[in-house]
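Here the structure is laid out as structure tokens; the discussion comes afterwards.
Bear in mind these aren't lab numbers, they're just calculated from the coordinates by the rules spelled out. Everything numeric here is computed off the predicted structure, so don't read it as measured data. In this analysis, Cβ positions are derived from the backbone assuming ideal geometry, glycine residues included, and neighbour counts consider all displayed protein chains.
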């Protein structure tokens with residue numbers, strides 16, 4: 001019987017929130033190592049099944065003692081028991097993230113995908129531990145934006161805000177999915193979006209044609225299964241149409257077991273508007289829609305252990321990445337599904353330690369560009385043999401993880417440690433300076449060497465514009481940690497730094513958003529400079545002409561007459577030449593003073609802009625990586641119009657600081673509180689405050705705005721739990737009188753607050 005993963009409570013990679021995750025299967029080996037003794041308390045987990053049947057559950061355990069019994073009970077929304085099982089748990093040595101343990105029901109249990117259910121784990125064995133993670137941590141990983149609604153809280157002793165590491169299974173069935181809620185949205189006269197809901201994870205395609213026409217257009221099945229339950233998410237597709245036409249469409253959807261459903265509908269495309277005040281003009285021909293999918297190349301397994309694999313590939317255009325690993329070539333029923341929403345050219349994803357040793361697997365890579373075109377590629381690989389048992393009292397060596405090795409396992413047990421998948425996070429900074437006149441701005445990117453040393457192939461820096469086009473690319477040798485890009489025009493960019501390890505380009509930081517304001521050109525005091533130059537040249541010219549004319553008129557003949565046998569210059573000649581020389585020197589000094597003052601003024605004018613630009617870069621990096629405080633507080637502490645406070649590990653120490661950005665008397669300031677004591681506390685008296693930018697316009701609206709699900713603006717006072725995106729918008733003045741203030745704007749989506757914005 002084919003079983004497939006439907007929901008998980010533990011998820012894997014931190015990703016850029018640019019697109020809604022388009023599948024209902026997730027990697028179930030999160031980067032966690034938290035465990036709880038089940039004998040201390042009964043463990044319960046609430047969830048939504050996101051499917052129509054269940055026939056088994058996975059939990060992750062550790063048992064380093066004798067065989068024990070585990071009692072499992074599944075309850076419906078009314079608290080009625082649906083199934084009770086007692087399972088024998090044998091020796092399960094410690095492993096990163098725990099050992100998978102499957103509870104088989106022995107039969108299919110019909111469920112409602114949107115109802116809440118609960119399962120309970122109970123044992124009296126003191127040596128049996130269950131793995132869990134913070135629920136906030138779950139939300140920051142590669143889950144769809146509705147994960148907060150499908151993954152409920154676990155009851156685990158006195159722990160709060162946690163969820164068990166688990167997975168739900170469905171067996172083969174012949175019930176077709178239920179489709180509903182089909183709606184159409186006019187995008188433009190030539191594009192319409194069709195959205196609908198399904199009762200279980202589905203793959204789908206859409207056929208459409210002008211009413212009465214037999215020739216139809218069609219999308220294709222993706223090969224992946226997406227859940228789009230009513231009130232949580234939706235499936236959608238953009239259809240190319242002609243203006244002012246009536247169309248009929250039909251949705252074809254199938255579940256994992258090839259059970260198919262259909263749903264038909266119709267719509268009218270928009271007419272092209274014509275102004276009554278002007279004669280009719282031919283409708284502009286829209287640019288052809290991008291229907292070309294990215295091309296996947298160099299798909300390969302770059303490292304394979306006995307329990308995990310790292311897969312890499314490239315695309316010919318910027319695209320995201322999704323990796324499904326399982327025993328089916330189609331990518332269905334994956335044992336691991338991981339993703340990275342960063343739109344880039346290089347893609348490296350790795351599974352958790354969920355694979356079996358010495359087993360053949362298929363890796364299906366999928367990349368989707370910004371317009372939704374996708375491509376897939378498939379390779380197969382065989383995992384390594386299991387490592388031999390370590391001698392008593394020793395740990396099996398942990399395989400090297402690039403670039404940061406995971407903690408080695410403790411205790412006995414012969415299996416090598418799993419790689420702890422996590423996003424690389426090294427120090428990368430950005431600075432923007434003025435270019436030469438007409439040359440735009442200069443973007444300087446600096447980074448640090450990875451902890452395990454320089455990569456053998458050096459580094460690569462990619463700069464993409466706001467349309468996801470590669471704007472700049474530079475290769476640097478090992479030992480060089482700086483790249484400069486000139487001639488960039490004003491606009492939004494994002495930059496990625498890669499380490500080149502034997503031709504495999506791995507990010508050493510998350511993609512960083514960069515806002516370049518209007519390029520600053522060195523035009524300080526142009527009128528004064530030009531007048532000074534003109535005055536100096538005119539003065540010198542007048543003096544020279546005057547002296548020459550007087551000499552020719554013979555006015556200086558007495559003073560300039562020399563004896564035939566004398567050589568050198570007379571006194572008056574020396575005086576006149578000195579006068580001319582002094583005039584020239586004075587003029588040059590005058591000009592230098594003005595030019596120097598102008599340059600200094602320019603520097604002062606740029607200083608506030610550069611400070612604010614750097615502040616935006618730091619703020620963006622810190623907000624994107626927010627998380628629970630070191631005492632368990634919610635990632636965002638407060639949200640106001642002129643201040644925002646949150647928790648972030650800004651020093652990469654494993655401890656989350658309380659960071660506060662606030663506007664005070666036209667100055668942007670940053671406050672940092674490091675937790676201290678045992679137990680840890682955040683003492684406001686210990687806040688270190690630094691002014692990081694000046695000249696910021698102080699308005700009643702402030703500089704911070706907040707948005708919730710689907711980009712909806714949040715009103716004040718803001719519920720911090722509803723925040724999905726933060727916008728910083730400010731006007732920064734210059735000390736230069738004749739220079740207009742510069743406007744800065746940046747939208748930041750924290751990874752821990754995943755949404756589809």
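Remarks
- Using a simple spin-label model with pseudo-atoms 7 Å out from Cα toward Cβ, residue 298 and residue 371 lie 2.5 nm apart.
- Calculated FRET efficiency, residue 246 to residue 195, Cβ-Cβ distance, R0 = 22 Å: about 0.70 to the nearest 0.05.
- Residues 235, 228 in ascending order of nearby Cβ atoms (within 10 Å, fewest first): 235, 228.
- A protection proxy built from the mean count of other Cβ atoms within 10 Å ranks the segments 252-260, 678-686, most packed first, as 252-260, 678-686.
- For the peptides 621-627, 665-671, the ranking by mean Cβ contacts within 10 Å, running from highest to lowest, is 621-627, 665-671.
- Difference of contour (0.36 nm per residue) and Cα-Cα distance, residue 631 to residue 258: 129.5 nm
- Modelled FRET efficiency - R0 25 Å, residue 124 with residue 82, Cβ distances, 0.05 increments: 0.60
- Förster-model FRET efficiency, 51 Å R0, residue 172 and residue 716, C-beta, rounded to 0.05: 0.45
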